[in-house]
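The values are calculated or read from the model by the stated rules, or taken from the named source; none is laboratory data. Computed from a prediction, not measured in an experiment: that's the story for all the values here. Don't worry about glycine lacking a Cβ; one is built from the backbone with ideal geometry, like all the others, and counts go over all protein chains shown.
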Amino acid sequence: MKILLLEDSHLDAEIIQRLLINEVSHCEFKLAMNKKAFLSALDEFTPDVILSDNSLPRFSATEALKIVRERSLQVPFILITGTVSEEYAAGIIKQGADDYILKDRMARLPGAIDAAVRVRKIEREKQEAAEGLKYSEENYRAIMERLSDAFVAMDRNWVYTYVNKAAGEIMHRKPDELVGKCIWTEFPEGIGLPFHTAYLKAMEDQRYIYLEEYFQPLDVWLENHIYPSPDGLSVFFRDITEKKLAEQQAEFDHNNLTALINNTRDLMWSVDRSFRVITFNQAFGDVIKLMSGIVLEKGADILTAAFNNEQLERYKNYYERAFAGEMFTEIEYNSLPVEFWSEISFYPIYEKRVVVGTACFSRDITDRKKSEEKLRQLAQEKLENKIQEQKRITRVMLITQEKERNAIGTELHDNVNQILVGTNLMLSMVKGDPIKHQNLLASSIEQIRDAIEENRKIAHVFVAPELEKESLLGQLDKLASNMLETIGIEVIFDAGRLREDSLDNDRKFNIYRIAQEQCTNIVKYAQAKTVRILLLTTEDSFQMTISDDGTGMDASKKSKGIGLRNIRNRLDLFDGTVAINTGISKGFSLEISMPLANKS
């Protein structure tokens, strides 16, 4: 007997144990001195009897009893206490304690344990018997309800003698209305149907008949168990309409799936772990026959087909990877009998978490691979063309740079250098006779100032603007002032719709150079009086129009000048476009457009 002692005094616990060892044979004790130890003992020691002191630090017999009864443990619970009031004793007995023993009357403890154990045993047996009876009754009811789901009995004259509720529900009639009436009178539409034939046959031959048939008058499929006797028929039946519809749908789906699998161009097959073919579709069988001359059959060794050793070894490795649980896709290339590529996927087949084979799906991707190769070639050609175009642009830029160097040299030679030569001559004369040529000093100073001004003009024309320090609009205004207004051309700016912050420095620089190139063309060729410059940005692009009222040019003739070529080359760097609108005596309009940095 396992006895759990809930006691905070080692001495009292030892006294109880000595007493019980002498009085009760085969005792095993477990001492719990607090709530934690008590809960642990209930789970691990599983006591037959609990003896509890009345009060422990932060725990009491009342709390312990509540825990035991909440767990529905049918274990005798006996209170052992030094002193206790009659009211308390009655209260704890009412709460479920089996007895209480005063510590000065411990001799009564063995008898109290024996009595409590017997009472609990009797109560447990009663409860088990009650539960067993309840289970038997429920089981009996379940069996009866199952047997009577749909049941009718008829005498030899085909008159209903019994109809249960389930049968009435299937036949859409009240059972009481059918009892005493002939089946063929109530359901005359059934005469001549398989049901009618089966009932007559069972009665005549006195043998059991099973029938599954559709009963059209009730629009229902019925499963019938027909039991004959000399007195009539007993028929158990149930509505199997959903089952039949599901079977029909399954058969329809199966036929559709089979047709789909066998009519697709994709190859489908499955292999077990012994490398035997489980199943395959028509397309796979046709390919195997085409490639090897073998008519494939289920159960055949998939690795004995007439392929070369390298192919067989590669596919064996694929299958083994799938058998190891890996799901993967491989690209296969074949050159015989024709060149083609295939994409093959392997999926492990599991049975109770064990891989028993692999399902394989192969798709012809020859067109895709050829398209990819064509795209690769086109991309390579485009790259080569882009490289050549870049080289051409570079050559043009070098030519432009050389032109700018020549222009700078020419300007220095023709203007600045001539001024400085004259200044040097006058200063030499002053040096030779300062008094005589004193008046040349003022002329020399004026000449030096002219040289500085010419140098400043050259710098404005050829030196790159500092766009990080000054706005593009400000630089263009200076450019127009220095190049156009100084020679009497009126410049009109329209930049009200310009958002300069949407342009990066590379775009600003090239826009400046394009404007510079066009201003140069206007100065050289246009003979214009007015130039209009329109700048604007839209949601995704920058646009600039520079138009003049000069002599224009014949639009049908292709310009051979390097200026417009430079403009186009700069725009190509940003996928920009240029449009020219001109005619003889109709002025000249240059319109450019380029995507913004975040849209290009």
Only one of (1) in contact with a Ser or Thr (Cβ under 6 Å, 6 or more places away or on another chain); (2) assigned to a strand (DSSP E or B) does not apply to VAL355, and that is (1)
For the range 361-390, pairs from a residue that is at pLDDT 85 or above to a residue that is in a helix (DSSP H, G or I), with Cβ under 8 Å and 6 or more apart or across chains, are SER362/PHE284
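Does at least one position in the range 562-576 carry a residue that is farther than 28 Å from LYS386 by Cα and surrounded by fewer than 16 Cβ atoms within 10 Å (Cβ to Cβ)?
no
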I'd like to verify a number: residues in the range 66-96 that are among the β-branched types (Val, Ile, Thr), assigned to a helix (DSSP H, G or I) and within 23 Å of GLY111 (Cα to Cα), how many? 3
So, of the residues in the range 271-298 that are small (Gly, Ala, Ser) and farther than 17 Å from ALA359 by Cβ, which turns out to be nearest to the chain's Cα centre (by Cα)? SER292
Would you kindly identify the strands (runs of 3 or more DSSP E) lying entirely within the range 159-231 that contain at least 2 residues that are over 23 Å from LYS243 (Cα atoms)? 160-163, 220-229
Selection count, the range 284-328, where residues are farther than 18 Å from SER274 by Cβ and not in a helix (DSSP H, G or I): 9
In the range 427-456, which residues are surrounded by fewer than 17 Cβ atoms within 10 Å (Cβ to Cβ), modelled with pLDDT under 80 and either of a type in the set (A, V, I, L, M) or touching a Lys or Arg at 6+ places or on another chain (Cβ under 9 Å) (or both)? ILE452
Please list, ordered by first then second residue, the pairs with beta carbon atoms under 6 Å, 6 or more apart or interchain, first in the range 460-482 and more than 16 Å from ARG507 (Cβ to Cβ), second modelled with pLDDT under 90 and among the aliphatic types (A, V, I, L, M). PHE462/ILE408
Just checking, which of GLU177, GLU223 is among the acidic types (Asp, Glu), at pLDDT 90 or above and surrounded by 14 or more Cβ atoms within 10 Å (Cβ to Cβ)? GLU223
Read through the list (1) outside the structural domain of PHE284 (by TED's automatic domain parsing); (2) among the basic types (Lys, Arg); (3) loosely packed, with under 12 Cβ neighbours inside 10 Å, then give the number of the only condition that LYS370 fails. (3)
Given ALA64, ALA32, which one is in contact (Cβ under 8 Å) with a residue 24 or more places away in the chain, crowded, with 20+ Cβ neighbours inside 10 Å, more than 15 Å from TYR100 (Cβ to Cβ) and small (Gly, Ala, Ser)? ALA32
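Look through the range 323-359, keep the residues that are farther than 19 Å from ASN281 by Cα and β-branched (Val, Ile, Thr), and return whichever of them is farthest from the chain's Cα centre (by Cα).
Among those residues, the one meeting the criterion is VAL338.
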Taking LYS134 as the residue in question, decide whether it is modelled with pLDDT of 85 or more and either touching a Pro at 6+ places or on another chain (Cβ under 7 Å) or in a helix (DSSP H, G or I) (or both). no
Qualifying residue in the range 48-68 (condition: over 60 Å from the mean Cα position of the chain (by Cα), under 19 Å from GLU123 (Cβ atoms) and at pLDDT 85 or above): no
